[in-house]
Amino acid sequence: MKGRLILLDFWASWCLPCRKSFPFLDQLQAKYPSADFSVVAVSLEPEEEPVQDFVRSFPGMRFLIGNDPSGKSAAMMQVEAMPTSFLLGRDGRLLGRFEGGGVESHARVEAAVEAALKGQPIALAVPAAKPVAGPRGNLKAWERGYLADPIMNLDGDTLKQSMREHVHASKEAAAGNGGVAGGGCGCN
């Protein structure tokens, strides 16, 4: 992939913002189909089955999808929230870091890709997250599925979903403040 502009996206099957980001990543790849731009999405889950199920729910994706069950790539890139995307220049240098999903994040990513493809400087409206000082424990963003999994399951009736939300909120509260400083799925 030398010489290409790369959008490297770290995701997890249990992450709702990741689910919302996949169509955006596909549209971005379709908008810039040139040989000098590629979207690469990397799951960090140790089990292959949830990754395959997630990918099968998005047939026809036009970008590369991989899996790093060791999590070494995310540790090296200091991923603290899911999803986290990195824009890498044609020379491999980091041009931008984007945490979380959603319309605002997607707009920043697309503007950065557009500017980089034109050779223009990238103006990031929101700076990259800085590590939070103090103890954080050993919980990595991509290993938070056991906290988020029940709420991320979209199946079931309203009562069942309500119960899941209650259980999820209780786990979130017990695990920390829900932000990157501790607990939660790291989506904040």
Scan 52, 29 and give me the residue that is polar (S, T, N, Q) and touching a residue at least 24 places away in the same chain (Cβ under 8 Å). 29
Scanning the range 59-91 for residues that are without any contact (Cβ under 8 Å) to a residue 60 or more places away in the chain and within 20 Å of residue 38 (Cβ to Cβ) gives 59, 60, 61, 62, 63, 64, 65, 66, 67, 68, 76, 91
Out of 36, 26, sole residue that is more than 20 Å from residue 100 (Cα to Cα) and over 12 Å from the mean Cα position of the chain (by Cα): 36
Among what's in the range 23-48 and is more than 18 Å from residue 87 (Cβ to Cβ) and touching a strand residue (DSSP E or B) at 6+ places or on another chain (Cβ under 8 Å), pick the residue that is surrounded by the fewest Cβ atoms within 10 Å (Cβ to Cβ). 48
Hey, any hits in the range 53-61 for a residue that's surrounded by 14 or more Cβ atoms within 10 Å (Cβ to Cβ) and either among the small types (Gly, Ala, Ser) or in contact with a Leu (Cβ under 6 Å, 6 or more places away or on another chain) (or both)? no
Which one of these is of a type outside the set (Ser, Thr, Tyr) and over 22 Å from residue 107 (Cα atoms): 45, 80? 45
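Laboratory data are not the source of any read-out in this text; all were calculated from the coordinates shown. What you see is a predicted model; the values in this text were computed from it and never measured. Neighbour counts are summed over all protein chains in view; Cβ atoms, including those assigned to glycine, are modelled from backbone coordinates with ideal geometry.
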